[in-house]
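The values are calculated or read from the model by the stated rules, or taken from the named source; none is laboratory data. Just so it is clear, the structure is predicted and the values come from calculations on it, not from any experiment. Please note: Cβ atoms are built from the backbone with ideal geometry, for glycine as well, and neighbour counts cover all protein chains shown.
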Amino acid sequence: MMNLLHWRLLVSVAETCSISRAAERIGMTQSGASQAIAQLEASLGFRVFIRERRHFSVTALGEQVIAHARSMIAELDAIRDLANGSKGLSHGRIRLASFPSVISTLLPTLLRDFHRLHPGIDLIALEGSDEEVEEWLAADAVELGVVLNPAPGRAEVVLGRDEWVAVLPAGHALGRRAAADGITLDELAVEPFILATGGCSVNGQSLMAQAGLHLSDVRVTVRDWISACMLVREGMGVAILPESALPEDRRGLRVLPLTPTIHREFGLVCSPAGRSSRATQALLVGLKKICR
């Protein structure tokens, strides 16, 4: 069954002449967008688009469908603007601070969905270390901040959770064991080490310190997770990284879980300014529905 997102997709394909660009614009995967267009055309019983080698063009009947879709979307947006205006949400600004790995992975889709519902509200994403995010929250310089491993009850919304894993060169002696056996921090502490921070104070070195261990041979320190993987692949050392930060292409790498398991959690924390902001509270209500 077609929903409003699918009708927006239809209009976006007509405007961009491309399934991939239209899908990216409205936050769908390319395969999902292709399936949605095929389902809509099957439901209508005629072709809306002509698929040519490098772009999509609209059929004569498709032009009429898209005109109606534009009118429908415009009317629905007008109703939403009226509702937002009655709640004081027609205009506003939200400053949201986060460390790099979350800005690039978890936040884009969430923020795009909110902007679609409240186009009059500006969302400003600020990138900093986890320590800087805490400082900005304390100074009331931002409405929201993504905090790593927040204390119980502090976060308004838990955005995600993942595990720390060991990343070794593919031929490393420690990597010959079964993945289910995992690897201990003690074993990693004595290896040549690539320290990746991800812009956070919680990293391989701090995890070692919490366990009462010390890295004996830090060869390189980098901020970027992917750079660390490239150095590991070249055999320069081993690393400890968040599982969600691993590259899709893991050729030349051996990934093992830590034993015992160590998790990290991302929580969205509200500053005093955020608690008094209607726009911020509306964003939190939407995120709670998505993340629960």
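Values for this structure:
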{"item": "Failed condition for residue 169, given (1) closer than 26 Å to residue 131 by Cβ; (2) modelled with pLDDT of 90 or more", "result": "(1)"}
{"item": "Yes/no for residue 254 being farther than 19 Å from residue 191 by Cβ and not assigned by TED's automatic domain parsing to the domain that holds residue 135", "result": "no"}
{"item": "Yes/no for residue 86 being at pLDDT below 85, hydroxyl-bearing (Ser, Thr, Tyr) and touching a Phe, Trp or Tyr at 6+ places or on another chain (Cβ under 9 Å)", "result": "no"}
{"item": "Top-ranked residue in region 186-208 [being assigned to a strand (DSSP E or B) and not β-branched (Val, Ile, Thr); ranked as farthest from residue 173 (Cα to Cα)]", "result": "196"}
{"item": "Filter pass, residue 228 being within 24 Å of the chain's Cα centre (by Cα) and within 22 Å of residue 147 (Cβ to Cβ)", "result": "no"}
{"item": "Matching option when the condition is of a type outside the set (Val, Ile, Thr), in the same structural domain as residue 155 (by TED's automatic domain parsing) and over 20 Å from residue 159 (Cβ atoms), among 272, 247", "result": "272"}
{"item": "Hey, residue 215 touching a Gly at 6+ places or on another chain (Cβ under 6 Å), within 19 Å of residue 264 (Cβ to Cβ) and either surrounded by 15 or more Cβ atoms within 10 Å (Cβ to Cβ) or outside the structural domain of residue 250 (by TED's automatic domain parsing) (or both) or not", "result": "no"}
{"item": "Neighbours by Cβ (under 6 Å, 6+ apart or cross-chain): first from region 125-143, assigned by TED's automatic domain parsing to the domain that holds residue 111; second of a type outside the set (Gly, Ala, Ser) and in a helix (DSSP H, G or I)", "result": "125/103; 127/100; 127/103; 140/272; 142/136; 143/280"}
{"item": "Residue identified as closer than 30 Å to residue 76 by Cα and among the hydrophobic types (A, V, I, L, M, F, W, C) among 179, 125, 196, 97", "result": "125"}
{"item": "Single unsatisfied condition, residue 50 versus (1) among the β-branched types (Val, Ile, Thr); (2) at pLDDT below 85; (3) loosely packed, with under 12 Cβ neighbours inside 10 Å", "result": "(2)"}
{"item": "Residue identified as outside the structural domain of residue 125 (by TED's automatic domain parsing) and free of Cβ contacts under 8 Å to residues at least 12 places away in the same chain among 166, 173", "result": "173"}
{"item": "Looking only at region 10-47, and only at residues there that are out of contact with any helix residue (DSSP H, G or I) (no Cβ under 7 Å at 6 or more places or on another chain) and in contact (Cβ under 8 Å) with a residue 40 or more places away in the chain, the one that is surrounded by the fewest Cβ atoms within 10 Å (Cβ to Cβ)", "result": "43"}
{"item": "Residue tally, condition surrounded by fewer than 19 Cβ atoms within 10 Å (Cβ to Cβ) and small (Gly, Ala, Ser), over region 235-265", "result": "3"}
